[in-house]
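Undergrad: Just passing along the structure, written as structure tokens.
We did not get these values from a lab; they are worked out from the coordinates using the rules stated. Being a predicted model, the structure only gives us computed values, none of them experimental. Heads up, the Cβs are rebuilt from the backbone with ideal geometry, glycines too, and the neighbour counts pull from every protein chain shown.
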Amino acid sequence: MARTADVECVLDIRAELGECPIWSAEENALYWIDIYAGRLNRFDPASGRNRAWTLPEAIGSFALWSNGVVLVALKSGLWRYDLETEQLTSLASPETHLANNRLNDGRCDPKGRFWVGSMEDPVDPARPQGSLYRFDAEGCYWMAGNDGWEIVRFTPKGKIDRRIALPVAKPSMVAFGGPKLDIIYVTSIRPAAGLEDQPMAGSLFAFDAGITGLPEPRYKGCPATSYQMESTGRADIILGPLSLFPTSDVREAMPRLFLPFC
């Protein structure tokens with residue numbers, strides 16, 4: 001089992017809650033977010049420069065769209081965001097009746113549809129928290145071991161075959177990048193205390209994966225449609241490009257999953 005790799009801090013930025021790294025092959029750049037700061041970032045590995053766009057709300061996730069446009073999942077809903085003009089256009093607000101909920105993790109599937117979940121915020125510490133994964137070209141999972149100081153790879157049979165030690169306790173998410181998609185970038189969280197042994201917590205890290213990843217699908221977009229909400233008594237259904245798929249009978253404010261389809 002491989003246990004080490006040369007992990008480099010490529011951006012010493014110390015974000016509060018770095019997440020959602022996405023590699024743009026067209027730009028050879030990594031986009032990522034700082035959730036509570038409401039910042040969407042673009043990191044250029046060639047120059048080491050990081051550009052940030054500050055949004056008016058917490059940002060849970062996003063998807064690259066086209067021609068300098070991104071789809072952003074903010075606390076209040078889904079928005080179209082033009083990086084050049086910095087103009088936001090509202091697309092859907094599925095949970096305006098849940099003041100403590102916000103949109104959180106989201107990703108495009110291979111068909112270019114954006115899946116996004118919601119969550120209560122602040123989080124109830126009594127509830128178990130999940131981990132975040134990425135596939136590589138061998139069909140293996142790469143997991144950010146939050147509070148584990150490491151990145152872990154699982155084979156398709158569920159066995160751990162690689163552990164990569166990190167200089168921070170809370171890696172949050174991984175993404176394959178680089179011209180050959182063989183570099184793993186890692187975002188991280190900066191806790192309020194316990195920084196003596198991890199002064200670079202919240203920064204962006206990278207290491208050579210020794211394997212290639214899979215390209216990130218772009219959002220294909222939806223036709224202009226009005227969004228209407230209908231109550232079913234158990235959960236709400238968004239009619240139009242958004243549909244809500246509850247997995248079980250859950251409390252009103254429990255996390256849910258939304259899919260804009262095209």
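Undergrad: Near residue 112, within a Cβ-to-Cβ distance under 9 Å, what is the net charge of the other residues, with Lys and Arg +1 and Asp and Glu -1?
TA: +3
Undergrad: All other residues with a Cβ under 9 Å from the Cβ of residue 76 taken together, and with Lys, Arg as +1 and Asp, Glu as -1, what is their net charge?
TA: Here the count lands on 0.
Undergrad: Moving to a separate point now. Restrict the search to region 1-86; then list the trypsin sites (Lys or Arg not before Pro) that DSSP places in a loop and that have at most 10 other Cβ atoms within 10 Å of their Cβ.
TA: 3
Undergrad: Moving on to the next point. So for each of 206-214, 100-108 I average, over its residues, the number of other beta carbons within 10 Å; can you give me the resulting order with the highest mean first?
TA: In decreasing order of mean packing, 206-214, 100-108 become 100-108, 206-214.
Undergrad: If one computes the Cα centroid of region 191-223 and of region 19-50, what distance in Å separates the two points?
TA: Cα centres, region 191-223 to region 19-50: 9 Å.
Undergrad: Rounded, prolate or oblate: pick one for region 1-110, where a ≥ b ≥ c are the square roots of the eigenvalues of its C-alpha gyration tensor, a/c under 1.5 means rounded, and failing that, prolate if a/b is larger than b/c, else oblate.
TA: prolate
Undergrad: For every other residue with a beta carbon closer than 11 angstrom to the beta carbon of residue 146, add +1 if it is Lys or Arg and -1 if Asp or Glu, then tell me the sum.
TA: Charge balance near residue 146 sits at -2.
Undergrad: If you place +1 on the Cβ of every Lys and Arg and -1 on the Cβ of every Asp and Glu, how big does the dipole about the Cα centre of region 8-208 come out, in debye to the nearest 20?
TA: Approximately 380 debye in magnitude.
Undergrad: Ok, one more. With 10 angstrom as the radius, rank 84, 8, 216, 120 by how many other C-beta atoms surround their C-beta, starting from the fewest.
TA: Listed from fewest to most nearby Cβ atoms, that is 84, 8, 120, 216.
Undergrad: Filter 75/180; 157/220; 75/111; 111/157 down to the pairs with a C-alpha to C-alpha distance above 28 Å, please.
TA: Pairs exceeding the cut-off: 75/180; 157/220.
Undergrad: For the residue pair residue 155 and residue 66, what label-to-label distance in nm results when each label sits 7 Å from Cα along the Cα-to-beta-carbon direction?
TA: Placing both labels 7 Å beyond Cα along the Cβ direction yields 4.2 nm.
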